[in-house]
Amino acid sequence: MPLIIISGYPSSGKTHRANQLVDFFSQKIKDSTDPKISRLKLHHISDQTLGLSRDVYHSARPEKDARAAESSAIKRVLTRDDIVIADGLNYIKGFRYQLYCEAKAVQTPSCVLRVGTPVEKCREINKKLLDDPAVDGGYLEEDFENLVFRYEEPNGMTRWDSPLFVVAHDDETPSLDQIWDAMVGNDGKAKVVRPNAATVLKPATEQNYLYELDKTTSDIVSHITAWQKDHPGEDGGEVSIPDAEQVVELPASSVSLPQLQRIRRQFITLNRQHNLSKARVRETFIDYLNDTFQNA
């Protein structure tokens, strides 16, 4: 079932909106006579449920580990019979894209709920939280300003941020009925999303498939690395891959070998149970690279 990604500035009221969603969805499931709906399970995942301190946003490494913890928690419970509310900053578009891909991999819809509290109001709320020792909340001023500066606002024109619902600070509730209809529906039919070729899993039947998967992706990474060495200082560029119809469209900044290897490992993990021809592995990996570069 669906993944609802909540996004907003720090201290914007994201958890309050998440709790409104939890209450509304729980009641809808409880009141339904449709067995397909009544069997749904609801999961609310946040920094608090994961035991993560707001101090993780003070430096890059702990923050990266926190995002990995959130992603892992979502993946563990995301199925066609589970509704997952990802209550976090989710301010990086690349991370929202990653969550979108996870939902698409299990053929379930996703959406983004943007908590549209203005920065000045968030700053005011955050200061009150910091000044009140009786409450658990608030970000250090330096961390707050840094997170606001780095916030990448969801864009409903992109597929990974769509459908996009925005709730203003002075709205009593989000568009609860519209979110339910978009994610679960009211016709009794489960909403199924067709996965990308790069995320769908199929049983592997070719004995040498894993070898070809490893070798083909490794060859493409080597080809990209060699091209970048031959074109020092160039921003972006198109890399032609032997025996491939498509080209790899590099981003404006150069891509390091560790970055390429990380993308390659992600692709192999997603596709190790495929049954693709060698040529199809090549084209699908190029698609995956271009998609990743475009949304980084």
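Here's the yes/no breakdown for (1) part of a helix (DSSP H, G or I); (2) free of Cβ contacts under 8 Å to residues at least 12 places away in the same chain; (3) buried (at least 22 other Cβ atoms within 10 Å of the Cβ); (4) in contact with a strand residue (DSSP E or B) (Cβ under 7 Å, 6 or more places away or on another chain):
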site	(1), (2), (3), (4)
GLY94	yes, no, no, no
GLN107	no, no, no, no
LYS121	yes, no, no, no
GLU124	yes, yes, no, no
LEU130	yes, yes, no, no
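May I ask you to say which residue of VAL84, VAL115, VAL77 is closer than 24 Å to GLY51 by Cβ, in contact with a Lys or Arg (Cβ under 6 Å, 6 or more places away or on another chain) and either surrounded by fewer than 17 Cβ atoms within 10 Å (Cβ to Cβ) or not small (Gly, Ala, Ser) (or both)? Being closer than 24 Å to GLY51 by Cβ, in contact with a Lys or Arg (Cβ under 6 Å, 6 or more places away or on another chain) and either surrounded by fewer than 17 Cβ atoms within 10 Å (Cβ to Cβ) or not small (Gly, Ala, Ser) (or both) holds for just one of VAL84, VAL115, VAL77, which is VAL115.
Selection within region 225-266: residues that are outside any loop (DSSP other than H, G, I, E, B) and touching a Leu at 6+ places or on another chain (Cβ under 6 Å). The member of this set that is surrounded by the most Cβ atoms within 10 Å (Cβ to Cβ) is VAL248. Of all residues in region 61-78, those that are without any contact (Cβ under 8 Å) to a residue 12 or more places away in the chain have Cβ atoms under 8 Å from Cβ atoms of residues that are crowded, with 17+ Cβ neighbours inside 10 Å, 6 or more apart or on another chain, in PRO62/VAL56; GLU63/VAL56; GLU63/TYR57; ASP65/VAL56. Report every pair of residues separated by at least 6 positions or lying on different chains whose Cβ atoms are under 7 Å apart, first residue within region 246-262 and farther than 17 Å from GLU234 by Cα, second surrounded by 12 or more Cβ atoms within 10 Å (Cβ to Cβ) and of a type in the set (Val, Ile, Thr). Listed pairs, sorted by first residue: GLN246/ILE286; LEU260/VAL221; LEU260/ILE224; LEU260/THR225; GLN261/VAL221. Residues in region 90-121 that are touching a Gly at 6+ places or on another chain (Cβ under 7 Å) and among the aliphatic types (A, V, I, L, M): VAL115 only.
Would region 52-62 turn up any residue that is part of a helix (DSSP H, G or I), of a type in the set (Gly, Ala, Ser) and within 21 Å of the chain's Cα centre (by Cα)? For region 52-62, residues part of a helix (DSSP H, G or I), of a type in the set (Gly, Ala, Ser) and within 21 Å of the chain's Cα centre (by Cα): present.
Read-outs throughout are calculated quantities, based only on the coordinates presented, and are distinct from any laboratory measurement. Note that the structure is predicted; figures quoted are calculated from it, not measured. Because the Cβ atoms are built from the backbone with ideal geometry, glycine has one as well, and the counts that use them run over all protein chains shown.
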